[in-house]
Amino acid sequence: METQILFAGFGGQGVLSMGQFLTYAAMEAGKNVSWVPSYGAEMRGGTANCLVTIADEEISSPITENPVTAVIMNGPSLDKFESKVMPNGILVLNSSMVDRKPHRQDLQVLELPVNQIAEEINNPRGANMILLGAYLQKTGVVEIEKVLEYFEKIFKGKKPSIIENNKEAFMTGVEYARQKW
């Protein structure tokens, strides 16, 4: 099995962190992985995206024009990447920041109001982890239990409160997907 996941949004939304976190979690789970970041010159507010490839076998190329899944954090990223998702692929949307429905009818579309949920749990910086948790619960690309085992390792060197806040946000996304999707 090999799958490619594109994460896209504005700089500062944690898009690259989402992809990097998934890369580390998949690597710790024994998968072959690659992470290819891309971002504009701006530190915050510019474009940011990354492509994560996860495979059981050796990865032939870390680049693809047509990922299986796109995890989209804002409207401009939907405009840019909707057409690139493989036919019958998955589109995961932050409906708090995307103000339109996808045009394509051949995609499985999963929407959740990530920013609203993050505010409700008093963790506005945790929006990316909420979306990642929901995505992983829905797809099973990496088992939730495995991801939880590696939180401390992936966030090594961070304050315990930061690790706990991210874990809580992640599990909020997991629970959302269990109940709504």
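Rule-based calculations on the coordinates, nothing more; no lab input. Values in this document were obtained by computation on a predicted structure and should not be read as measured data. When we count neighbours, we look across all protein chains shown, and the Cβ atoms used for this are built from the backbone with ideal geometry, even at glycine.
So the values come out like this:
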item	result
Full-stretch length increase - Glu164, Val36 - with 0.36 nm per residue and alpha-carbon distance subtracted	43.4 nm
Percent antiparallel among DSSP beta bridges (both partners in region 2-180, rounded to 5)	55
Cα shape, region 112-181, gyration tensor, a/c 1.5 rule	oblate
Amide proton proximity set for Val68, modelled H, under 5 Å, gap of 5+	Gln4, Met86
Unit charges at the beta carbon, dipole of the chain: most positive-side option, Thr139, Val36, Pro76	Pro76
Gain upon complete extension [Asp56, Lys153; 0.36 nm per residue less C-alpha separation]	32.7 nm
Computed over the chain: relative contact order in percent, which uses C-alpha pairs under 8 Å that are six or more apart	19
Additional length obtainable on full extension of the chain from Glu119 to Thr64, 0.36 nm per residue less Cα span	16.4 nm
